[in-house]
Structure formats: C-alpha cells, structure tokens
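Asks: Structure incoming, see below.
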Amino acid sequence: MPEITNAEKNGKLRVIVKLKTGERISICRCFASKEFPICDGSHRELPFNIGPAVVEAVNPEEEKPA
C-alpha cells in the first residue's frame, strides 16, 4: 500500500505518494474521489469523460538499456 502524506512548502499544500518498485496507483483527476488523491471510481458518475492517471513505480536500474 502506498504511503500518502500531506506537506506544505512555500505556502502550497502538496500531497506526497511514496510507492515501492512495482506498486501501481490510480490518481484521481476529476476531484470527486472520497479517497482523494486516490481514485475511487467516482468519475464514472460524472457527466464528463475523465478517468484516473495510473502510475507505476519502476526501478531505474531495471530500465537502463543493455
């Protein structure tokens, strides 16, 4: 499960999501989620077509070309 924290920097609130390698998370883009910033599927009930941004943590060492 990702670690989610809220932090303030320079007067702006930031949501920090820490993932382990291989973890995947759906980030809400419609702002209707009751679990914000995590998508809970609330966008399906909205009149516009916007889904989550799906993010997966990768190990940069594994992504290097051979």
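Asks: What pairs can you find where one residue is in region 19-42 and at positive phi, the other is assigned to a loop (DSSP other than H, G, I, E, B), and their Cβ atoms are less than 7 Å apart, with a gap of 6+ or different chains?
Replies: G22/A57
Asks: Of the residues that make up region 39-51, is at least one among the polar types (S, T, N, Q) and loosely packed, with under 12 Cβ neighbours inside 10 Å?
Replies: In the first step, residues of region 39-51 are kept if they are among the polar types (S, T, N, Q); the result is 42, 49.
Among the residues that remain, those that are also loosely packed, with under 12 Cβ neighbours inside 10 Å are: 49.
Within region 39-51, one or more residues are among the polar types (S, T, N, Q) and loosely packed, with under 12 Cβ neighbours inside 10 Å.
Here, each number is a calculation from the coordinates, and none is a lab measurement. The model shown is predicted, which means the values in this text are computed figures rather than measured ones. Positions of Cβ are backbone-derived with ideal geometry, glycine not excepted, and every protein chain shown enters the neighbour counts.
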